[in-house]
Each structure stands twice: as structure tokens, then as C-alpha cells.
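Student: Pasting in a structure now, in C-alpha cells, and then I'll have a few things to ask.
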Amino acid sequence: MTATEIHGYKINQEIQIGLLARQVMDDQQLAHHQKTEIIYAAKMLVKKAGNYAYDNYLLHGSDNRGIMQDRDLEPEKTNKTPEVINYTSNHYLSLQRNPEVIAYVKEQINTFGLGCGSSMMSGGRNELHCAIERRFCNLLGKEDALLFPTGFTTNMGILSLVRKGDLVLFDKECHASMLEGMKTSDASKTQPFIHNDVKDLEQKLIQNGNYNNVFVLVESVYSMSGTECPIKEIVTLKKKYGFTLIGDEAHSFGFYGKDGAGYFSEKGFIDDIDIFMTTFSKATAATGGVACSSRGVASTLPLIAKSYLFQASMTPMASAAVLKSLEIITGDPSHRKRLWKNTIFFRSCLNKLGFDTKDSRSPIVPVYISDYAKLIQLNQRLQSRGVYSVPIIFPAVKKEEGRIRFNVTAGHTENDLLETIEILSQEGTRLGII
Ligand code: PMP
């Protein structure tokens, strides 16, 4: 194994780079330039050994198949350009390649131009934004909707409602954007509850005593594990303890529920979600985010949420893509039907082969591999044989809960799925995983 020492840190090609980066950055004995030198050296060691997957990209962007590249190698100078079947895309409905969406975006750019000039509050709003907001209100039966430039900053903005004297309880698997939102909020206390564990949430509601307001944060479907939120039980607690419920539908809006209105709608609890959010970077194939709520909340947020006040608004390109995607989502169920058919087929084939997908239900299909070395080897083998998926490892998840995540989309063909299943079967057997 290749190993070396730099500024007192011993590094080798199997080091867990994300963890090292955090340790090094927190080391007060090191100068700033030493920290970045250590991290760079470690990254290059790990990368040379083929254990760094994060510099890979698809030459022509997100699609169900593409040519894999490495950002350190110019496309013309590399002969390592295998075609891969892509499982990294969050565009579940594959609308990023939909000809109607693309044509509509081109047309709207002629009218609206490319940029919006400023933030929503200072002249950067246009009619595309208003049309999206109206559509969300109608679809979800909420009083008002507000657009943000990204999903990440939507969550950050929403959490500026949390003030001194308030408590936030959040599912342990909640997305980093909520964690950042809590950090920059004035919350007096934030505390996680065990993932999807309603009993643990109830205990924390009881234990925590008196706060001015209690906020509970959940996702409809969790991005790391593909699990669904026990929304019925959480709403029962809400009725008993009276908290404000914030629900993130990033990984379900567009393909759960009637007209694709999402998981909370499908389960009949959309009225119990005080603040609904979703990002536009998943089913709606663009970027941006929306918060849907009462008029009171929507009137307050623009005045206090820095990510609304001080961030340029969603571009016309992204807005037009979202608007057309919404029209397709509500008017044509064929895309989500294909997505679910692919999802059910893929997961059941993997389960029959003996792969462990635990209690995932959604088009996010995690394959759990507790042995870290085998997980990394399998991921490398998949990439070299043309399957592009994402390893999710410690510290993002517990050491023994490492997994390779496959995002199934409507655009995957039967051939794509069968080829992937065959490769997984061969490599999984070879490594003794199944
Ligand atoms: N919430 C969840 C649950 C997410 O998974 C993500 C992105 N992966 C976000 C919010 C942030 O959205 P965006 O990347 O569109 O800013």
C-alpha cells in the first residue's frame, strides 16, 4: 500500500478522505496552507488507487447513458471514455431530456432573457415565477408559495422562522440544507430523533419541556436510504403536542400522489404540513426550490430569510423548465408510471439475487454492503464495467451501514436495467457479497 507523511499526518491510499478533511481543517496546530496541502496530497493518493469517485462526470451531462470523464483529464487527451449507465441522476422523470421541455425553455428565453437581474425583492421577479407559484398553490391547496434559487437555500430560508426560545426536533437523516438552516437560525435548541422512530420523537417532545415554539422537520422520502416518512403517526403526535411541521418533498414530488402532488398528498396529510418544500432539481429537472404555506408565513419569509432577500432569483431557463415540467407532471402520468415500473422491477431483481436494499421503497435503491473494502471494490468494478452509481460511506452514514445508491429513473430502458443487474450479479458473486 502506498503511504506517506505530510505535516505530521500519515496518509495512505485507503484513507477516508471526507473524514480526514474535517479532522485536518479542525487542527489548530496547522496553518491554512498546510491543511489544504495535506488534503490535496491525500486526495491524489486515494485517487491514484482508484478510490476517489467524485471527480467523475458525464461528458454531456445528466442522462440515462453517457460518456464518463475525469475532471483532471481534458476530454481530448483521454482515451478512457467508457459509456456508462447512469444511476446518479435525481431527475427521476428524465424530463431534463424531454423535447417539449427543451423547446419551451428555448422559446421562453427569447421573451425573458437569461438572467433576472437581482433578487425577488428587488426587481428580479418575473411572470414565470408567479406562474409556478400559482401552480403550486392550486396543486397542494396551500394559500401561498415562494420561490428560492435552490432547494438548499429554500430550507435555509424556511428555518429563519426559528427564533430564540424555540426548539427544533429533526429526523436524523434530514438533509444537510436543514442542518445548515438550523445552524444559522436562532434556535435555542436543536435535537435529532432516531430515523423514522415516532416513539423517540414523542419522548423528545415530552422531555424537552417548555419552549416558545416547537418545529419538527421531516422528509417525505429520505435521500440516503429511500425510506418513507411515517407521516400518519407524526401527524397524530402533532395533534397531541401541537408543533409546527415542516416537510421536505425533494425525493417524492412529481411521482407520488394524484397529479404527482407528492407523498404527503398521496397519504392524505398535505393539510397537516405547515410548510411544504420541494426542490426543482429532482423530478422537475432544473434548479430552484419552493416553500408552500399559509399567507402569514409567505409574507414573513421574504422579510427575514436572507437567502430570499439577498440571492438572485431563479433564472428564466430554470423557471421555464419547471413550468413545463409541472404541466407534464400534472397532465401526463405516463412518466411516473414508467418510473415506478422500472423501480419495482430493479429492486425486486436485486432482492432476488440476494442484495440487501433494507426498507427502501422509492426509486432510490440503496444496496447495503457492511464490509467497507468490498463496497469500494464493488463500486470500482461497476464503474469499470459501465455502471455509474454513488457510494455512500462513513462519515455520511454509520461505518457498518455503507451502501451503493442507485437512482432509478423513467428514462432507464429495460436493457439498461437488465445489463446492470447482470453486472451486479457477476461482481456481487465474485466479491462474495451475494
Ligand atoms: N432537500 C433534500 C432532501 C435534498 O436531497 C436536497 C438535494 N439533494 C436538497 C434539499 C437541496 O436541493 P438542491 O440541491 O436542489 O439545492
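Student: Which residue pairs have Cβ atoms closer than 8 Å, lie 6 or more positions apart in sequence or on different chains, and pair a first residue in the stretch 164-179 that is more than 20 Å from Ala396 (Cα to Cα) with a second residue that is within 11 Å of the ligand (Cβ to nearest atom)?
Tutor: The qualifying pairs are Val168/Leu217.
Student: Right, another one. Of the conditions (1) over 21 Å from Arg347 (Cβ atoms); (2) within 12 Å of the ligand (Cβ to nearest atom), Leu201 fails just one. Which one is it?
Tutor: (2)
Student: Right, something else. What is the one condition in (1) basic (Lys, Arg); (2) more than 23 Å from the chain's Cα centre (by Cα); (3) surrounded by fewer than 17 Cβ atoms within 10 Å (Cβ to Cβ) that Lys341 does not satisfy?
Tutor: (2)
Student: Moving to a separate point now. Determine whether Phe264 is over 19 Å from Arg134 (Cβ atoms), aromatic (Phe, Trp, Tyr) and either within 12 Å of the ligand (Cβ to nearest atom) or modelled with pLDDT of 95 or more (or both).
Tutor: Details: over 19 Å from Arg134 (Cβ atoms): yes; aromatic (Phe, Trp, Tyr): yes; either within 12 Å of the ligand (Cβ to nearest atom) or modelled with pLDDT of 95 or more (or both): yes.
Answer is yes for this residue.
Student: So if I check each of Asp26, Asp70, which one is free of Cβ contacts under 8 Å to residues at least 24 places away in the same chain and touching a strand residue (DSSP E or B) at 6+ places or on another chain (Cβ under 9 Å)?
Tutor: Of Asp26, Asp70, the one residue that is free of Cβ contacts under 8 Å to residues at least 24 places away in the same chain and touching a strand residue (DSSP E or B) at 6+ places or on another chain (Cβ under 9 Å) is Asp70.
Student: Scan the stretch 307-316 for residues that are within 16 Å of the ligand (Cβ to nearest atom) and either of a type in the set (Val, Ile, Thr) or over 21 Å from Ile328 (Cβ atoms) (or both) and jot them down. Give the derivation first.
Tutor: We begin by selecting, within the stretch 307-316, every residue within 16 Å of the ligand (Cβ to nearest atom); these are 307-308, 311-315.
Result: Ser307, Tyr308, Gln311, Ala312, Ser313, Thr315.
Student: Can you tell me which of Ala286, Ala320, Ala291 is touching a helix residue (DSSP H, G or I) at 6+ places or on another chain (Cβ under 7 Å) and assigned to a helix (DSSP H, G or I)?
Tutor: Ala320
Student: Do we have Phe345 as closer than 26 Å to Gln16 by Cβ and either in the same structural domain as Met224 (by TED's automatic domain parsing) or not small (Gly, Ala, Ser) (or both) here? Spell out how you get there, then give the answer.
Tutor: Values: closer than 26 Å to Gln16 by Cβ: no; either in the same structural domain as Met224 (by TED's automatic domain parsing) or not small (Gly, Ala, Ser) (or both): yes.
Judged against the criteria, Phe345 is not a match.
Student: Moving on. Collect the residues in the stretch 270-305 that are under 22 Å from the mean Cα position of the chain (by Cα) and away from the ligand (no atom under 14 Å from the Cβ), keeping them in residue-number order. Outline the logic, then answer.
Tutor: Step one: of the stretch 270-305, the residues under 22 Å from the mean Cα position of the chain (by Cα) are 270, 273-293, 305.
Result: Ile270, Ile273, Asp274, Cys292, Ser293, Ala305.
Student: Every residue in the stretch 11-34 that is buried (at least 18 other Cβ atoms within 10 Å of the Cβ) and in contact with an Asp or Glu (Cβ under 9 Å, 6 or more places away or on another chain), please.
Tutor: Listed by number, the list holds a single entry, Ile11.
Student: Now, a different point. Please report, ordered by residue number, the strands (runs of 3 or more DSSP E) entirely within the stretch 141-202 with at least 3 residues that are assigned by TED's automatic domain parsing to the domain that holds Ser223 and hydrophobic (A, V, I, L, M, F, W, C).
Tutor: 144-148, 166-171
Student: Next up: Being in a loop (DSSP other than H, G, I, E, B), modelled with pLDDT under 95 and not hydrophobic (A, V, I, L, M, F, W, C) is true for just one of Ser370, Ser362. Which residue is that?
Tutor: Checking each option against the conditions leaves just Ser370.
Student: Among the listed residues Gly61, Gly115, Gly8, which satisfies the condition of being under 27 Å from Gly226 (Cα atoms), exposed (fewer than 13 other Cβ atoms within 10 Å of the Cβ) and out of contact with any Lys or Arg (no Cβ under 8 Å at 6 or more places or on another chain)?
Tutor: Gly61
The values are calculated or read from the model by the stated rules, or taken from the named source; none is laboratory data. Model, not experiment: these values are computed from the prediction. Neighbour counts are summed over all protein chains in view; Cβ atoms, including those assigned to glycine, are modelled from backbone coordinates with ideal geometry.
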